[in-house]
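Down below is the structure, laid out as structure tokens.
The values are calculated or read from the model by the stated rules, or taken from the named source; none is laboratory data. Small disclaimer: the values here were computed from a predicted structure and weren't measured. Cβ placement follows ideal geometry from the backbone for every residue including glycine, while neighbour counts extend to all protein chains displayed. Just so you know, the surface numbers come from the protein's heavy atoms only, side chains and all, with ligands and any DNA or RNA stripped out. Shrake-Rupley method; radii C 1.70, N 1.55, O 1.52, S 1.80 Å.
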Amino acid sequence: KARKEKERKVDWKDLAGKIGQMHNGSMPDMRAMMRLQRILLDLSTDELNAQLDEIAALDIEESARNQLKGMIIGILAEKDPRLALERFGDELADDGAGINWQLGAALRKWADKEPAAAGAWLDEQIAAGKFESKSLDGKNQSLIRFEVALVGALLKTDPAAATARVNA
């Protein structure tokens, strides 16, 4: 049991250093990356959340922290898309970079199962001003990504609702 627990432990600080080396032209350790992927896939949503808290507490560069966080968010979004959106809804950004593409995919996955709940969540975020545009053209690429995800899911189950959403 102790060995298995040790195999499931991730040294995030060491991994952040390796990510930094990859950005300097060093080849990634593919075996280590595959091992990490297997570990993360085996973790429960509670364990993934704990890993995210551990990463947030590390004294590492922000870019490395974001990459580590991104690894987990993708898996969390697959396992529990609603939880991923609720946990990271405060981090929605206008630039369309970072985790927004993963959260857009999470919204689509959630909307495929529960379109009304996913739509209500998105409407709450819009009403809270989380998609306010900072660009000169008034568009927010993240909002567009989220709306496309929701409308795409609605087209499968309720084309009239999808049409109404687009018109609105």
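With the structure loaded, tell me whether Met34 is open to solvent by 80 Å² or more (accessible area, probe 1.4 Å), part of a loop (DSSP other than H, G, I, E, B), out of contact with any helix residue (DSSP H, G or I) (no Cβ under 8 Å at 6 or more places or on another chain) and modelled with pLDDT under 85 or whether it fails that test. No: the conditions fail for Met34. Pick from the stretch 133-168 the residues that are aliphatic (A, V, I, L, M) and touching a residue at least 24 places away in the same chain (Cβ under 8 Å): which of them is farthest from Trp101 (Cα to Cα)? Checking each candidate, the answer is Ala161.
Suppose the filter is open to solvent by less than 60 Å² (accessible area, probe 1.4 Å) and assigned to a loop (DSSP other than H, G, I, E, B); does Ser135 pass it?
Taking the combined requirement at face value, the residue satisfies it.
Every condition in (1) touching a Leu at 6+ places or on another chain (Cβ under 9 Å); (2) surrounded by 15 or more Cβ atoms within 10 Å (Cβ to Cβ); (3) under 25 Å from Met71 (Cα atoms) is met by Gln141 except one, and the failing one is (1). Across the stretch 66-99, the qualifying residues are those that are modelled with pLDDT under 85 and closer than 18 Å to Gly119 by Cα, and the one among them that is surrounded by the most Cβ atoms within 10 Å (Cβ to Cβ) is Leu92. Taking every residue in the stretch 94-108 that is at negative phi and pairing it with any residue that is assigned to a loop (DSSP other than H, G, I, E, B) and modelled with pLDDT under 65, at least 6 positions away or on another chain, the pairs with Cβ-Cβ distances below 9 Å are Ile99/Ala93; Asn100/Ala93. One residue stands out in the stretch 104-127 among those that are under 11 Å from Arg82 (Cβ atoms) and within 17 Å of the chain's Cα centre (by Cα): the one that is most open to solvent (accessible area, probe 1.4 Å), namely Lys109. Filtered by the rule that a residue be closer than 15 Å to Asp90 by Cβ and in contact with a Lys or Arg (Cβ under 9 Å, 6 or more places away or on another chain), the stretch 125-145 gives a lone residue, Ser142. Looking only at the stretch 37-65, residues that are open to solvent by less than 30 Å² (accessible area, probe 1.4 Å) and either part of a helix (DSSP H, G or I) or modelled with pLDDT under 85 (or both) come to 8 in all.
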